[in-house]
Amino acid sequence: MICGEALQNYGLRSLGFGERLLPRADITLCDQVVLIGSGLIWNVYFAILALCLGFFFSVALAVARNSPRALLRKPADWFVFVFRGSPLFIQFFLAYEAFVLLPRLGFDLDLGSMELTVETRWLARAWLGALLVLFLNTSAYAAQIFYGALQSVPKGDLEAADAYGMTGWKRFRRVVFPTMMRLAWPAYTNEAIFLFHATTLVFFSSFPAFQQKGDALYYAQYFADRTFNPFVPYPIVAIYFVLVTLCIIAVFGAVNRRLNRHLPGERTRIRYRPNLIR
Amino acid sequence: MFAFCEDPSALEGARWFACYLTNGVHFKFYQSFLVVLLLLAVTAPTALAFGFAAASATRSRIPPVRWFGNIYTAMVRGIPDIAFFLFFVIVLDQGIEYLRHNIVCPDWTDPIRQGANFIVCPAARTPQSSSPQFVHEAYNFALAVFTYAIVFGAFCANVLIGAMRAVPRAQMETAEAYGMTRRQAFWRILVPQMWVYALPGLSNVWMILIKATPLLFLLGIEDIVYWARELGGSRTSQYAYPHPDWRLWYFLGLLVFYLAFTRVSEIVLARLTRRLSHGQATAAGEQARRAA
């Protein structure tokens, strides 16, 4: 089996299973490919959870920003302004320093069969703290996208909804929301790609890689420092990221086709050249 | 700085803060803000030049030049920029040393890569270990600027390619009809007209560039993040100005700095867009004409 030993030792190293010590001398290509791939688990974990949770929050934010009531609109505006106007890197640092200062408390959660103690010190760990920052960050960016789409919903659609006597929640669910999604989806695909790339920042900001459990770029830098040869680990990271980016484009493209399935012709195809600007 | 700062331990309240915020290390912290601005001032034009060169390369009739332009512009789409930052800094450093090694000491027989080491002859070390601290810092900064320019050049190139495509086809056809060569049409028709289409994209790249400046910290530069961590860490009473862990407040300060910076940029760029759209055959230009 190709890289069998390396796979056994380091396949799940980023989660803390397998060999405890990272390879030091005689680093093989197998070690590098497997360990960096193992780190990719974290990138995917952060990206999927932050995106899924952020989706709902960002729709809520977009609707709040569109609200005529200042009490709803202003906080949403400020939230988006703060998270879009400042660098993610600084947000990570700030959040980490804030989480460290939290008092160490534990809460017991009764989940029926098992009991879980939720502790505030989890926030100072990457898996929860960084996830929270990424979630808030992507929510702000996506909220801006959805807000833009919400404002571009054709007037005729809204008038048609009025003519059918739809109001409130029903009008939103049946008319506004689907059109908003359809309009925002190409930009949202772009945001998903950006968020996935942004996950590499986690272990380079304050969040410690506890027991050297890090993400793909963390291990790549480890190898580059060890071997002093950047031409192997970084291209490996690059290939992994290009592959996952292509997967994101494929999945979001499928969703896009579904969102546009009632429309005729070419418009259903997602733009091959995604806009890179966040 | 102030006369009453002679004995910090006797100070209290506002005076303590006035002295604390004007002591020597804090001036280094304030200087690092200038480093950020300098980075932006140098990187922005360089990246634009790189981007323009790459965008022109993608339109070249020579295939290798075109391929190079396409690969360069495509690379930032799938790969995180931090990976590039970490990669190029080492590559540039090793590349420069390797080139100098070949020039300065051609008789050197030992291999350069010995296992986990990269050993060039002492004369090829860049910068020389005997050179003053200032040279080391300047060299590192220059490497960082170049790295930023490479990465953001690719971003700019993507925008400029789109802008070049957005210039109406009829304009280029008219240029051909007037008997202009490809080169003439490019410089006289395409380039002057593309900027208004490029401006929204370039403003976005500028925003991303501002928000990427804290990453200087990762490249080993003593930038604002470095000093915020350094100064914010708790100080025992051995120091002149003892205080608990204030890193949270320092980072909050940086956050406010960036928020203000991006907000001001946004306003300035919006004005610039309005100005440039004036008299252009675009929706914004038409709106300006109707309003007048």
Original post:
Structure shown: which of A:LYS213/B:LYS211; B:LYS28/B:LYS211; A:LYS170/B:LYS211; A:LYS74/A:LYS155; A:LYS74/A:LYS213 lie over 31 Å apart, alpha-carbon to alpha-carbon?
Top reply: A:LYS170/B:LYS211; A:LYS74/A:LYS213
Original post:
Which ³J(HN,Hα) values, rounded to whole Hz and listed in residue order, are derived for region B:142-156 from phi using the Karplus coefficients 6.51, -1.76 and 1.60 in 6.51 cos²θ - 1.76 cosθ + 1.60 with θ = phi - 60°, glycine and proline given as x?
Top reply: 4, 4, 4, 4, 5, 4, 4, 4, 4, 5, 6, x, 5, 4, 4
Original post:
Which of the chymotrypsin sites (Phe, Trp or Tyr not before Pro) found in region B:135-192 are in a DSSP loop and have at most 14 neighbouring Cβ atoms, other than their own, within 10 Å?
Top reply: B:TYR178
**OP:** Mind running the shape call on chain B? Use the C-alpha gyration tensor, a ≥ b ≥ c as the square roots of the eigenvalues: rounded below 1.5 for a/c, prolate if a/b tops b/c, oblate otherwise.
**Re:** oblate
Original post:
With springs only between Cα atoms under 10 Å, which of A:SER58, A:SER14, A:SER67 fluctuates most in a Gaussian network model of chain A?
Top reply: A:SER67
Original post:
If amide H atoms are built 1.01 Å from N in the plane of the peptide, which residues on other chains or at least 5 residues away come under 5 Å of the amide H of B:ARG235?
Top reply: B:HIS243
**OP:** Rank these for me by crowding, B:HIS101, B:HIS278, going from fewest to most other beta carbons within 10 Å.
**Re:** B:HIS278, B:HIS101
Original post:
If one computes the Cα centroid of region A:56-95 and of region A:136-182, what distance in Å separates the two points?
Top reply: 18
Subject >> Peptides ranked, highest mean first, by Cβ atoms within 10 Å: ranges A:236-242, A:251-257 >> reply: A:236-242, A:251-257
Subject >> Cα-centre dipole for the protein assembly as shown with unit charges at Cβ (Lys and Arg positive, Asp and Glu negative), debye to 20 >> reply: 2640
Original post:
Just how many % of Cα pairs in chain A lie over 36 Å apart, if you round to the nearest whole percent?
Top reply: 28
**OP:** Run the dipole for chain B about the Cα centre, Lys and Arg Cβ at +1, Asp and Glu Cβ at -1, nothing else charged, and hand back the magnitude in debye, nearest 20.
**Re:** 1520
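Neighbour counts of other C-beta atoms within 10 Å: give me B:CYS105, B:CYS121 arranged from fewest to most.
Lowest to highest Cβ neighbour count: B:CYS105, B:CYS121.
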Original post:
Could you give me the ³J(HN,Hα) list for region A:93-101, computed from phi with Karplus coefficients 6.51, -1.76, 1.60 and θ = phi - 60°, whole Hz, x at Gly and Pro?
Top reply: 4, 4, 4, 4, 4, 5, 5, 5, 6
Original post:
Given +1 on the Cβ of Lys and Arg, -1 on the Cβ of Asp and Glu, and no further charges, what dipole in debye does chain A carry about its Cα centre, rounded to the nearest 20?
Top reply: 1180
**OP:** Just tell me the longest site-free run in chain B, where the sites are GluC sites (Glu not before Pro) in a DSSP loop having at most 14 other beta-carbon atoms within 10 Å.
**Re:** B:13-292
**OP:** Using amide H atoms built 1.01 Å from N in the peptide plane, name the residues 5+ places from A:GLU119, or on other chains, whose amide H lies under 5 Å from its own.
**Re:** A:PHE107
Original post:
Based on the Cβ-Cβ distance from A:ALA163 to A:LEU72, what FRET efficiency comes out when R0 is 41 Å, to the nearest 0.05?
Top reply: 0.90
**OP:** Taking only Cα atoms and a 10 Å spring cutoff, compute GNM fluctuations for chain B and point out the largest among B:ASP93, B:ASP107, B:ASP223.
**Re:** B:ASP107
Original post:
Nearest 0.05, what FRET efficiency do B:ARG15 and B:SER130 give at R0 = 56 Å with Cβ-Cβ as r?
Top reply: 0.80
Original post:
Other chains near B:71-82: what is the mean number of their Cβ atoms within 10 Å of each residue's Cβ?
Top reply: 6
Original post:
Can you pull the mean other chain C-beta count within 10 Å for peptide A:72-85?
Top reply: 2
**OP:** Summarise the long-distance tail of P(r) for region B:51-155 by giving the % of C-alpha pairs beyond 19 Å.
**Re:** 58
Original post:
Which whole-Hz ³J(HN,Hα) couplings does region B:125-130 yield from phi under the Karplus relation 6.51 cos²θ - 1.76 cosθ + 1.60, θ = phi - 60°, glycine and proline marked x?
Top reply: 4, 10, x, 4, 5, 7
Subject >> Filtered trypsin sites (Lys or Arg not before Pro), region A:80-183: DSSP coil and at most 10 other beta carbons within 10 Å >> reply: A:ARG104
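What does the average come to when, for each residue of peptide A:202-214, you count the partner chain Cβ atoms lying within 10 Å of its Cβ?
Numbers: counts 0, 0, 6, 4, 3, 0, 0, 0, 0, 0, 0, 0, 0.
Counting other chains' Cβ atoms within 10 Å and averaging over A:202-214 gives 1.
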Original post:
Calculated from DSSP H runs of 4 or more alone, at -39500 (n - 2.57) each and per residue, what is the 222 nm mean residue ellipticity of chain B, nearest 500?
Top reply: -23500 deg cm²/dmol
Original post:
Of A:ALA25, A:ALA60, A:ALA149, which has the largest mean-square fluctuation in a 10 Å C-alpha GNM of chain A?
Top reply: A:ALA25
Original post:
When the Cα atoms of the protein assembly as shown are enclosed in a convex hull and the volume is divided per residue, what value in Å³ results?
Top reply: 260
**OP:** Give the order of A:ARG13, A:ARG261, B:ARG289 when sorted by the count of other beta carbons within 10 angstrom, beginning with the fewest.
**Re:** A:ARG261, B:ARG289, A:ARG13
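Suppose R0 equals 45 Å. What FRET efficiency, 1/(1 + (r/R0)^6) with r the Cβ-Cβ distance, do A:PHE81 and B:ASP7 give to the nearest 0.05?
0.55
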**OP:** Would you please name the chymotrypsin sites (Phe, Trp or Tyr not before Pro) within region B:221-278 that are DSSP coil residues with at most 13 other C-beta atoms within 10 Å of their C-beta?
**Re:** B:TYR239
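Bear in mind that the values in this text are calculations on the coordinates, not laboratory data. This one's a predicted model, so the numbers in the text were calculated from it and none came from an experiment. Cβ sites come from the backbone with ideal geometry, for glycine too, and all protein chains shown count toward neighbours.
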